[in-house]
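Q: Please find one structure pasted underneath; my questions will follow.
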Amino acid sequence: MISLLDPTVIEAYRVLETGEPLAYDNACRLAELSGEAVLDLLSLANKVRNRYAPLPEGDRIHRCSILNAKSGVCGENCSFCAQSLHNRADVEQYQLLDEQSVFDAAERVYREGVRHFGIVTSGYGYRRPTAEFRRILELIRALRKRYDGLNVCASIGVLGEETARMLAEAEIAHYNINIQVSPFRYGELIADSHTVEERIETVRLLRKHGVPVCCGGILGVGETMQERVDLIYALQELDVAVIPLNVLVPVTGTPQEGAIPVPVSDVLKTFAICRLAHPCKVIKFAAGRETVMKDFQGLLMLAGANGFLTGGYLTTRGREISDDMKLAAELGGFGGTI
Ligand code: SF4
C-alpha cells in the first residue's frame, strides 16, 4: 500500500499508539518538516490531544485569565518586556492593587465561566516573605474563599524555600514561571540580570512542596527551530503540569521591537511537537494568538493545544472571553475536548 504520509510523521504515530512521549531525535527531525507534511503533523497532534489529554468532565478547554496586579518598574532586563525599567516602553505603572480591585477583576472572569484566575506581579520575585508577599497570600486566600470553585493561580517571579512553602499552604492551583527559551540561550535572548537556573530552581521548590507548575516559553525572540525543541524537552525534564506558549508581540521601546515575526508554520510545528513530547499535559496558547497568528489561531488550536489564556494579557489586549468561547465551540467539530 502506498503511504501518503511523510516517513518522519509515520514514525511519530507511535505516540498515538502507545501514549509514550516522542523521542527527542524524532522531534528534531519533525522540526525540519515543511509544506504539506506540516499539516500531517498537526493532524497527528490533534489526535494525540484528543486521546491523551482529556479535560475534566464539562471543561471543553482549559481557560484561564490573568490580572496584572502590580505593573511596571521592574529592575530585571527581559528583552521582550514592556515592564522593565531597562526598556523605554510606554506602560502603565502601579503598585500592588487593593483587594476590591482584585475582586472586581475576578468577578468579571468568574461570571463568564472562567475558573482559573492568575494574580501576576512585575518584578524579580520573592525569595523571602516580604510584607508585599504576605499581602498577595491574603489576596489568594480571600479569592478562594469568595469564589466557589475558582482555581486561584499566581505568577510572581522567583521564589525561595519559605515563600514556595507558604504558597503551597495557601493552596494555589498553579504557579506560573516561564523559562522562556532553551535554557542554553536564556542569558543571551531573554535577560542577564538573573539566570534561568534561578527560575528552574523555583520550579523544583514548588514541585517539592506539591504545587502544580505552569511553565512554558515565548517564540520569536531570535531562537531557532532546534532551540524550540530544546525548550520543549527542558520542560519535559521539569515535568511541569501546564505549558503556556506565547508568541512574541513586539513592543515599541524594547530590544525586541523590530523582531522578525515567526512564520506561522513554525508556530504550528512547535505546538504539535510540544503535544507529542507531552501527550497528557495542558498546552496553552497564551499571548500572540490574535496579533501574530491572526487567521490561523483556530488552526493552532487543532495543532495539539487544549487551553488558552483569554480576556487579555499583561500589557496588551486580547480577545473577549465570549469570542474565545465561540471559537472553542466551533472547533468542537474536530473531535475531542475542544
Ligand atoms: S518579564 Fe517579569 S522579571 Fe522580566 S522584566 Fe518583565 S516584569 Fe520584570
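The values are calculated or read from the model by the stated rules, or taken from the named source; none is laboratory data. Everything quoted here is computed from the prediction, not taken from an experiment. Heads up, the Cβs are rebuilt from the backbone with ideal geometry, glycines too, and the neighbour counts pull from every protein chain shown.
Q: Among the residues of segment 104-112, is any closer than 30 Å to residue 134 by Cβ and buried (at least 22 other Cβ atoms within 10 Å of the Cβ)?
A: yes
Q: Of the numbered conditions (1) under 23 Å from residue 292 (Cα atoms); (2) assigned to a loop (DSSP other than H, G, I, E, B); (3) over 15 Å from the mean Cα position of the chain (by Cα), residue 178 fails exactly one; give the number of that condition.
A: Failing condition for residue 178: (3).
Q: Another question, then. Considering only residues that are touching a residue at least 40 places away in the same chain (Cβ under 8 Å), polar (S, T, N, Q) and over 16 Å from residue 125 (Cα atoms), which ones fall in segment 181-231?
A: 182, 226
Q: Let me ask you something else. Just the residues that are within 13 Å of the ligand (Cβ to nearest atom) and surrounded by 14 or more Cβ atoms within 10 Å (Cβ to Cβ), please, taken from segment 188-210. Full working, then the answer.
A: Filtering segment 188-210 down to residues within 13 Å of the ligand (Cβ to nearest atom) leaves 189-196, 198-199, 202.
Passing the criteria: 189, 190, 191, 193, 194, 195, 196, 198, 199, 202.
Every residue, every condition in (1) among the small types (Gly, Ala, Ser); (2) surrounded by 13 or more Cβ atoms within 10 Å (Cβ to Cβ); (3) assigned to a loop (DSSP other than H, G, I, E, B), yes or no:
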{"position": "5", "(1), (2), (3)": "no, yes, yes"}
{"position": "15", "(1), (2), (3)": "no, yes, no"}
{"position": "32", "(1), (2), (3)": "no, no, yes"}
{"position": "38", "(1), (2), (3)": "no, yes, no"}
{"position": "89", "(1), (2), (3)": "yes, yes, yes"}
{"position": "101", "(1), (2), (3)": "yes, yes, no"}
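This table checks each residue for (1) out of contact with any strand residue (DSSP E or B) (no Cβ under 7 Å at 6 or more places or on another chain); (2) assigned to a loop (DSSP other than H, G, I, E, B).
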site	(1), (2)
64	no, no
78	no, yes
92	no, yes
104	yes, no
119	no, no
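Q: What is the number of the single condition among (1) at pLDDT below 90; (2) in a helix (DSSP H, G or I) that residue 289 does not meet?
A: Here residue 289 clears every test but (2).
Q: From the list 222, 210, 187, which residue is of a type outside the set (A, V, I, L, M, F, W, C), out of contact with any Leu (no Cβ under 8 Å at 6 or more places or on another chain) and part of a loop (DSSP other than H, G, I, E, B)? Write out each step before concluding.
A: Values: 222 fails: out of contact with any Leu (no Cβ under 8 Å at 6 or more places or on another chain); 187 fails: part of a loop (DSSP other than H, G, I, E, B).
Result: 210 is the single residue among 222, 210, 187 that is of a type outside the set (A, V, I, L, M, F, W, C), out of contact with any Leu (no Cβ under 8 Å at 6 or more places or on another chain) and part of a loop (DSSP other than H, G, I, E, B).
Q: Same structure again: State whether one or more residues within segment 58-74 are in contact with a helix residue (DSSP H, G or I) (Cβ under 6 Å, 6 or more places away or on another chain), more than 26 Å from residue 248 (Cβ to Cβ) and of a type in the set (Val, Ile, Thr).
A: No, segment 58-74 has no match at all.
Q: Given (1) in contact (Cβ under 8 Å) with a residue 60 or more places away in the chain; (2) in contact with a Phe, Trp or Tyr (Cβ under 7 Å, 6 or more places away or on another chain); (3) away from the ligand (no atom under 14 Å from the Cβ), where does residue 62 come up short, assuming only one miss?
A: Here residue 62 clears every test but (2).
Q: Give the residue, chosen from 149, 187, 160, 210, that is modelled with pLDDT under 95 and small (Gly, Ala, Ser). Can you show your working first?
A: Numbers: 187 fails: modelled with pLDDT under 95; 160 fails: modelled with pLDDT under 95; 210 fails: modelled with pLDDT under 95.
Of 149, 187, 160, 210, the one residue that is modelled with pLDDT under 95 and small (Gly, Ala, Ser) is 149.
Q: Ok, one more. Looking at (1) within 18 Å of the chain's Cα centre (by Cα); (2) over 20 Å from residue 218 (Cβ atoms); (3) surrounded by fewer than 23 Cβ atoms within 10 Å (Cβ to Cβ); (4) within 16 Å of the ligand (Cβ to nearest atom), can you tell me which one residue 93 breaks?
A: (1)
Q: Is segment 130-139 home to any residue that is over 18 Å from residue 308 (Cβ atoms), within 16 Å of the ligand (Cβ to nearest atom) and assigned to a strand (DSSP E or B)?
A: no
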